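Here is the structure we will look at, set down as structure tokens.
The values are calculated or read from the model by the stated rules, or taken from the named source; none is laboratory data. Since this is a predicted model, take the numbers as computed values, not measurements. Here the Cβ positions follow ideal geometry from the backbone for every residue, glycine too, while neighbour counts run over all protein chains shown. Note: accessible area is taken over every heavy atom of the protein model, side chains too, but ligands, DNA and RNA are not part of it. Shrake-Rupley method; radii C 1.70, N 1.55, O 1.52, S 1.80 Å.
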Amino acid sequence: MTTTATIDTKITGEFRAATERAAVFPSNAGRLRLTGEDARDLLNRLSTNLVDPDGAAGEVAVTVLTSDRGRIVDLVYVAHCGDHQLMLTSPGQQQNVIEFLDKYTIMEDLEVEDVTADTVMLTLAGPQASAILDSVDGIDAMRVALPADPDDADHPATYQLICSDLDTANQVRAALESAGAVSISAPTAEALRIASGQPAYGSEMSDTYNPLEAGLIGAIDFHKGCYIGQEVIARLDTYHKVQKYLVTLRFESDGGDASEAASTLPGARLTDDAGDAMGLVTSATVVPTAEGADLIGLGYVRTRALEVGGRFGVESEDVDGMSAVITAQPLLFGGEKPGLRG
């Protein structure tokens, strides 16, 4: 089966520059300032990963806030800034996170302030991101290096650069561009996210999913003390009860311009040869290749169907004659692979 996909030449240039060098683009992630002597201790007791109460200033912890049912409230990054903690949330999720923290704050010394609207943040990502950042002197921005899979050289650290205002952010962006980074559009940033298998809140992360399903096992410390949802997550892991997993997909069709289907694929069912539901498409985009372009995406498939190279039918009112092939099981922060074959 073949797929004919087209892609805008501007996005092609941006995507290739970003994957070969580095990309810089605005970030809509939420930004919360946490103060109080109990901030880190409380976060450690509420979330899946170790947020060391005695950690040194400059440390960045990635952790997941989960409900008492073990479902994802949000994936967050906690930067130790000395006299306060900076928490980065998913775009638009800062109020939900504030309400979650407030629900479980009883006698602790903790104050939470949403500073998203008071700051401007840029994302710098790509294989040369570190070198480019180090080559620019006097950047007027707080830099937060987001933890990544330590064993995956293809996905090096991503930096979030937090600026005091828009003018400062524009100056930082110009300096990074002069050093070799390329500014990219929102569609290109989304294509990079999907191509690298990063789950996003509202599509691959929500209270529908748990961290094990979403490939976030590397952000779970199974040896730390209790946290909200810990019993459920530990039971799922111990007894191998996870019902589905996040996968990357490549879509194929008999003809036509498959790129037109990218916007309609999310929500499409993945089916086996008998027509039984095996999964769900959550995101889709078109990326450039040496031969032209591919239609790719993210989705969830049932555990029993989790196999690299596995092929499914795609069922949707807006899509016809298309199939999907599993290309990988992304594990954003590394960790033990939960049983992927192939």
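Return the residues of region 197-234 that are out of contact with any strand residue (DSSP E or B) (no Cβ under 9 Å at 6 or more places or on another chain) and over 18 Å from residue 67 (Cα atoms); say none if nothing qualifies.
223
Evaluate region 200-208: report whether one residue or more is under 18 Å from residue 91 (Cα atoms), in a strand (DSSP E or B) and open to solvent by less than 30 Å² (accessible area, probe 1.4 Å).
Yes, because at least one residue in region 200-208 is under 18 Å from residue 91 (Cα atoms), in a strand (DSSP E or B) and open to solvent by less than 30 Å² (accessible area, probe 1.4 Å).
If a residue must be surrounded by fewer than 19 Cβ atoms within 10 Å (Cβ to Cβ), of a type outside the set (S, T, N, Q) and either within 21 Å of residue 334 (Cβ to Cβ) or within 20 Å of the chain's Cα centre (by Cα) (or both), how many such residues does region 209-241 contain?
Total meeting the criteria: 8.
Can you find, within region 68-100, the residue that is surrounded by the fewest Cβ atoms within 10 Å (Cβ to Cβ) among those that are of a type in the set (A, V, I, L, M) and in contact (Cβ under 8 Å) with a residue 60 or more places away in the chain?
Of region 68-100, the ones of a type in the set (A, V, I, L, M) are 72-73, 75-76, 78-79, 86-88, 97-98.
With the extra rule that they be in contact (Cβ under 8 Å) with a residue 60 or more places away in the chain, the set shrinks to 72-73, 75, 79, 86, 88, 97-98.
Numbers: 72: 25, 73: 25, 75: 27, 79: 22, 86: 20, 88: 24, 97: 20, 98: 17.
That would be 98.
Take residue 249 and tell me if it is open to solvent by 60 Å² or more (accessible area, probe 1.4 Å), out of contact with any Cys (no Cβ under 8 Å at 6 or more places or on another chain) and assigned to a strand (DSSP E or B). Don't jump to the end; show me each part of the working.
Values: open to solvent by 60 Å² or more (accessible area, probe 1.4 Å): no; out of contact with any Cys (no Cβ under 8 Å at 6 or more places or on another chain): yes; assigned to a strand (DSSP E or B): yes.
The answer is no for residue 249.
Are any residues in region 298-324 under 21 Å from the mean Cα position of the chain (by Cα) and closer than 18 Å to residue 264 by Cα, and if so, which ones?
298, 299, 300
If residue 57 passes every condition in (1) surrounded by fewer than 16 Cβ atoms within 10 Å (Cβ to Cβ); (2) under 27 Å from residue 231 (Cα atoms); (3) of a type in the set (A, V, I, L, M, F, W, C) but one, which one does it miss?
(2)
Answer yes or no: is there a residue in region 8-15 that is surrounded by fewer than 22 Cβ atoms within 10 Å (Cβ to Cβ), without any contact (Cβ under 8 Å) to a residue 40 or more places away in the chain and of a type in the set (S, T, N, Q).
Yes: region 8-15 contains one or more residues that are surrounded by fewer than 22 Cβ atoms within 10 Å (Cβ to Cβ), without any contact (Cβ under 8 Å) to a residue 40 or more places away in the chain and of a type in the set (S, T, N, Q).
Could you give every pair whose Cβ atoms fall below 8 Å, whose first residue belongs to region 232-253 and is among the basic types (Lys, Arg), and whose second residue is in a helix (DSSP H, G or I), counting only separations of at least 6 or pairs across chains?
241/235; 244/303
Just for region 305-324: of the residues that are among the acidic types (Asp, Glu) and over 17 Å from residue 254 (Cβ atoms), which one is surrounded by the most Cβ atoms within 10 Å (Cβ to Cβ)?
So, considering only residues that are among the acidic types (Asp, Glu) and over 17 Å from residue 254 (Cβ atoms), the one surrounded by the most Cβ atoms within 10 Å (Cβ to Cβ) is 307.
For residue 162, work out the one condition from (1) under 20 Å from the mean Cα position of the chain (by Cα); (2) within 27 Å of residue 228 (Cβ to Cβ); (3) in contact (Cβ under 8 Å) with a residue 60 or more places away in the chain it doesn't fulfil.
Failing condition for residue 162: (2).
Among residues belonging to region 152-170 that are modelled with pLDDT of 95 or more and in a loop (DSSP other than H, G, I, E, B), point out the one that is surrounded by the fewest Cβ atoms within 10 Å (Cβ to Cβ). Lay out the reasoning, then the answer.
First pass over region 152-170, keeping only residues modelled with pLDDT of 95 or more: 159-170.
With in a loop (DSSP other than H, G, I, E, B) added as a condition, the list becomes 164-165.
Values: 164: 13, 165: 11.
Ranking the qualifying residues of region 152-170, first place goes to 165.
Has region 268-277 got at least one residue that is within 27 Å of residue 18 (Cα to Cα), more than 19 Å from the chain's Cα centre (by Cα) and surrounded by fewer than 24 Cβ atoms within 10 Å (Cβ to Cβ)?
Step one: filter region 268-277 for residues within 27 Å of residue 18 (Cα to Cα), giving none.
Among the residues of region 268-277, not one is within 27 Å of residue 18 (Cα to Cα), more than 19 Å from the chain's Cα centre (by Cα) and surrounded by fewer than 24 Cβ atoms within 10 Å (Cβ to Cβ), which makes the answer no.
Suppose we keep only residues that are open to solvent by 20 Å² or more (accessible area, probe 1.4 Å) and in contact with a strand residue (DSSP E or B) (Cβ under 7 Å, 6 or more places away or on another chain) within region 287-304. Which one would you say is nearest to residue 13 (Cα to Cα)?
Going residue by residue through region 287-304, those that are open to solvent by 20 Å² or more (accessible area, probe 1.4 Å) are 289-292, 294, 296, 302-304.
Keeping just the survivors that are in contact with a strand residue (DSSP E or B) (Cβ under 7 Å, 6 or more places away or on another chain) gives 294, 296, 302-303.
Details: 294: 15, 296: 18, 302: 36, 303: 37 Å.
Applying the filter and picking the extreme gives 294.
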